[in-house]
Ligand SMILES: [Mg+2]
């Protein structure tokens, strides 16, 4: 097996890339085993509801061979952020109950009113007008606004559902911007995750994901190579107008030829490479 010697790590997205809904992408489990022969494999998810512990369990239930510590989610990055504040900080969690419980476990005080010092914005399935009012007034009182990410939608079992970006949009509509974003493609968030994994040179990673606006844009922002898989949200025609440019487009991770990437890692980028050819951003070998 060829080794992808040029890359410090391969950073996989989860939903739409390795699994979709309740099923693994066909061939993805074997593909991951091949990648592991070639490079360190890590998993960066914009899931703002679940911590890595739950995502590792999910991946293992599907049959993927992953270790704790290899997965980082938006929820983990939020908790990494809030861990820097003194315990008993008052936090209004406009989030999943899971993330709210984890914030309380850090010793923070969960509040429902405008006295919050931090407002965490994620997917809040129980969002009410009163809680929006609390969030608005806390923000006007100077609360720090921390959002899991700006994903517009996510795929549910029966179709798309509003993701954290919809909730950020509520606040943006009121003239309030989040101070911190804890997911792809935010460059600070991506660099934080890579730092937690002790990656020395982010531009020396290869990102693999199904979303142009998050996965591929994240790679572009840190100067890394990227592979867009069409097994999730992006369609081939989306790539034409998108500002985020992948180094390669494939139908799914099962199609990625590790040998081709190993060979391409040392190649100089070429402009306007034909579709389906490997076009790395920079020579990495
Ligand atoms: Mg995805």
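The values are calculated or read from the model by the stated rules, or taken from the named source; none is laboratory data. Just so it is clear, the structure is predicted and the values come from calculations on it, not from any experiment. Here the Cβ is made from the backbone with ideal geometry for all residues, glycine too, and neighbour counts use every protein chain on show.
Answer yes or no: is there a residue in segment 119-134 that is in contact with a helix residue (DSSP H, G or I) (Cβ under 8 Å, 6 or more places away or on another chain) and over 23 Å from residue 169 (Cβ atoms).
There is no residue in segment 119-134 that is in contact with a helix residue (DSSP H, G or I) (Cβ under 8 Å, 6 or more places away or on another chain) and over 23 Å from residue 169 (Cβ atoms).
For segment 158-175, which residues satisfy the criterion of being more than 15 Å from residue 122 (Cα to Cα) and touching a strand residue (DSSP E or B) at 6+ places or on another chain (Cβ under 7 Å)?
The answer is 160, and nothing else.
Which count do you get for residues in segment 222-238 that are within 17 Å of residue 160 (Cβ to Cβ), without any contact (Cβ under 8 Å) to a residue 24 or more places away in the chain and within 13 Å of the ligand (Cβ to nearest atom)?
1
Check whether at least one residue in segment 52-64 is away from the ligand (no atom under 16 Å from the Cβ), surrounded by 15 or more Cβ atoms within 10 Å (Cβ to Cβ) and either in contact (Cβ under 8 Å) with a residue 60 or more places away in the chain or part of a loop (DSSP other than H, G, I, E, B) (or both), and report yes or no.
no
Going through segment 94-108 one residue at a time, which ones are under 18 Å from residue 53 (Cβ atoms) and not in a loop (DSSP other than H, G, I, E, B)?
Answer for segment 94-108, where residues must be under 18 Å from residue 53 (Cβ atoms) and not in a loop (DSSP other than H, G, I, E, B): 97, 98, 99, 100, 101, 102, 103, 104, 105.
Give the residue that is nearest to residue 166 (Cα to Cα), with candidates limited to residues of segment 128-153 that are touching a strand residue (DSSP E or B) at 6+ places or on another chain (Cβ under 9 Å) and modelled with pLDDT under 95.
Selected residue: 152.
Pick from segment 200-221 the residues that are over 14 Å from the mean Cα position of the chain (by Cα) and in a loop (DSSP other than H, G, I, E, B): which of them is modelled with the highest pLDDT?
Residue satisfying both the conditions and the ranking: 201.
Residues checked against (1) part of a helix (DSSP H, G or I); (2) over 30 Å from residue 22 (Cα atoms):
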site: 112; (1), (2): no, yes
site: 154; (1), (2): no, no
site: 165; (1), (2): yes, no
site: 168; (1), (2): yes, no
site: 192; (1), (2): yes, no
site: 198; (1), (2): no, yes
